[in-house]
1. Hey, does the range 84-99 have a residue that's closer than 30 Å to CYS216 by Cβ and among the aliphatic types (A, V, I, L, M)?
2. For the range 102-113, how many residues are touching a residue at least 40 places away in the same chain (Cβ under 8 Å) and over 20 Å from PHE326 (Cβ atoms)?
3. With (1) part of a helix (DSSP H, G or I); (2) over 18 Å from ARG67 (Cα atoms); (3) modelled with pLDDT of 95 or more as the list, and PRO156 as the residue in question, which single condition is left unmet?
4. Scan the range 250-277 residue by residue and report those that are modelled with pLDDT under 90 and either closer than 30 Å to PRO110 by Cα or surrounded by 15 or more Cβ atoms within 10 Å (Cβ to Cβ) (or both).
5. Could you figure out which of (1) under 23 Å from the mean Cα position of the chain (by Cα); (2) not in a strand (DSSP E or B) isn't true of SER117?
6. Find the residue count for the range 128-144, including only residues that are part of a loop (DSSP other than H, G, I, E, B) and under 21 Å from SER72 (Cβ atoms).
7. Take LEU94 and tell me if it is assigned by TED's automatic domain parsing to the domain that holds ASP136, in a strand (DSSP E or B) and within 21 Å of GLU320 (Cβ to Cβ).
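The values are calculated or read from the model by the stated rules, or taken from the named source; none is laboratory data. Quick caveat, the model's predicted, so the values are computed rather than measured. Positions of Cβ are backbone-derived with ideal geometry, glycine not excepted, and every protein chain shown enters the neighbour counts.
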Amino acid sequence: MLCPEVWDFKAPQHYFKVDHSDCLTKNVTGVIRKHYFNHSVSVVIPDTVNLPPHYFESFNEDNDYYRVNNLSASELVDKEFIEAFVKNGEVSVLAIESHIDTQNSLAVTPSGHLILSLVKEDFQTLGIEGKPSFFDRNIKNRFVVTIDLKEESFTPGKKNYEHVRESLTNNLHQRFNVILAWEPPDKKLCPSSIAAWFDKRGYTVKLCRQKKVDQCLYSIKIPIINSSTNHSELFEWLGVLSIGGDLKNSAENSYLNSYKCSEPWTEVGQVRCIRWTGFITQKQVETIFNELKSYVKTRENIPWVSIDVQGFSDSPTSWELKEHNFYIDGDNSYAIFLKPNGGYILRTSLSSNNKPRIFH
């Protein structure tokens, strides 16, 4: 029996989009604001050892989020919860420890939508209108239910509200482990109010904080951004840096883990790298981006600064309400290079942009 020619198989499709301009546009802030569920944020600042102490200070001090175990989905349509948190500020809820391609999942977006991604059996039992998953629309093994919690007619006493509440209470028996955060509309309101609300309803609420890693690398070759810069190689360099790859490549005849910085490049004395990991809201990412943008304007001679944002691989959505699936790696991320003159390069990456082709 002959071995199949596996080397002839094409790699799965992976969506990349690169946008660049000599001045900052709304495209950049739009990508940040519409990417709701962020797992890590990495900032790279070349030719810098110490940052002024006020940079990223507000984020470092106020980045709490909470974990609630065994949550019933019906709690998320409770009228008190909707009025206090969904319609008042921005709430982010995401189910964790579930695989989006094989298990049930849920999320509440800052836009006020409850997303339920359900396997066929649980969707049919639930009895709420939904649509087949984009990724399983032919075989229809998964369905997505989207409920607008901010809709005026979605209120107690109305037929649709009562149907949804009763269906979630009586028909969806699975409990979810979730992480959540609330961005109040007024600084006088405490973000921990949402934790107190779940605590009063008998749930065990755990306080969580982002993990921060701050390091400085020395004598590093970095790419220079100009009209001849290869964007693929630029983001490849950033990827090698983010995983702790050997950028110096000092060992002679080294084959494993070797890398050569693409031209044009320059060597700097130090590169500051800061990474936060946890549950990070889109408003918090925007705060980091704005402070980074403010900092680069004070450094006319700095080559560039960058920010890399990684989403949750098993999130039900990627950008806004766009359905997401794990597919090959669950990637939903973006990275931005900023220059002191306002120029930028933005790359968005998504593994689930296309439906996988299945051959019979």
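1. Taking every residue of the range 84-99 in turn, none turns out to be closer than 30 Å to CYS216 by Cβ and among the aliphatic types (A, V, I, L, M).
2. Total satisfying the criteria: 4.
3. (1)
4. TYR259, CYS261, SER262 - these are the residues of the range 250-277 that are modelled with pLDDT under 90 and either closer than 30 Å to PRO110 by Cα or surrounded by 15 or more Cβ atoms within 10 Å (Cβ to Cβ) (or both).
5. (2)
6. Looking only at that region, the number is 3.
7. Yes: the conditions hold for LEU94.
The rows are residues; the columns are (1) part of a helix (DSSP H, G or I); (2) buried (at least 19 other Cβ atoms within 10 Å of the Cβ); (3) of a type in the set (Lys, Arg); (4) at pLDDT below 95.
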| position | (1), (2), (3), (4) |
| --- | --- |
| THR146 | no, no, no, no |
| LYS150 | no, no, yes, no |
| ASN160 | yes, no, no, no |
| ALA181 | no, yes, no, no |
